[in-house]
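The values are calculated or read from the model by the stated rules, or taken from the named source; none is laboratory data. In this text the structure is predicted, and so the values were computed from the model without any measurement. Cβ coordinates were reconstructed from backbone atoms using ideal geometry, including for glycine residues, and neighbour counts include every protein chain displayed. Please note that ligands, DNA and RNA were not included when accessible areas were found on the heavy atoms of the full protein model with its side chains. Shrake-Rupley method; radii C 1.70, N 1.55, O 1.52, S 1.80 Å.
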Amino acid sequence: MRYRVFHRWIFVALCVLSVGLLEWPARTRAQTLGDIIVVPPIVVPPIPVPVPVTTVLGDAGTLAPGSLDSLYSELDSISTSLVSAEVPSARVIGYADQIASDSYLSSLNLTIAGIAIAAASAEAAARGPLDGSPGDATSYISGLSINGVEVLIDGTVNQTVAIPGGQVVINEQQVLSDGTLVVNALHATVSGVADAVVASATAGPSGGNASAVQATTY
């Protein structure tokens, strides 16, 4: 009789233990799920793109082809963090059959990307027929130096001098598809940093324009 009672209590104890073991994994899983940490996605801000800034100094404006008007600009001097010069001037004159434009400045000091470009004077002139036939373009620059070193000007069109990260083109000339002439006494560029044109003249079927300095920084 006692043996049967003893086994009965053992059976009851095993049943209770089995129920506890069945509930334990469920509770463990519930606690584990409760410990999961949700990490929000990482948002990488976009890289800002530099916005080009263009400064035009001593600009005569643009004259439409066929206009018999004239545009003129002259200043005592110009001075910015990028360039300084004396008596910058520009002129555009319209005729019945052509346009004439010219620009001039003296005592030029231009600094781009730490490179110092200086000249005693610079001028450019263009005369372009409105029918697209060949015109005339000339430029002249004196006392040119880069970082204090004198540059020998050979008189050729589009003479190119290398500078760190870019180049300087002297007597830059271009003929557009309609015959319009574009001439720049000096055009300095440093890739991704700055683009500066000194003494520029445009004339021909596309119209006429002239400016002493046009500089774009990035």
Would you work out the relative contact order for region 140-206, in percent, from Cα pairs under 8 angstrom that are 6 or more residues apart? 23 percent
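Note the full-extension length gain between Ile163 and Val149 as 0.36 nm times their separation in residues minus their Cα-Cα distance, in nm to one decimal.
Working: separation 14, 0.36 × 14 = 5.04 nm, distance 1.18 nm.
Working it through step by step, the gained length comes to 3.9 nm.
At 0.36 nm per residue, and after removing the present C-alpha to C-alpha distance, how many nm does the segment from Ala120 to Thr62 gain when stretched out fully? Walk me through the intermediate numbers first.
On the way: separation 58, 0.36 × 58 = 20.88 nm, distance 2.70 nm.
Full extension of this stretch gives 18.2 nm more.
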Given charges at Cβ of Lys, Arg, Asp, Glu: region 114-202 dipole, positive-most of Ala199, Ala162, Thr138: Ala162
Which FRET efficiency value, to the nearest 0.05, is calculated for Tyr72 and Ala113 with the Förster distance at 30 angstrom and r the Cβ-Cβ distance? 0.35
Pairs of alpha carbons in region 119-218 whose separation is greater than 21 Å (percent): 34 percent
Carbon and sulfur together cover what percent of the accessible area of region 80-218 at a 1.4 Å probe radius? 51 percent
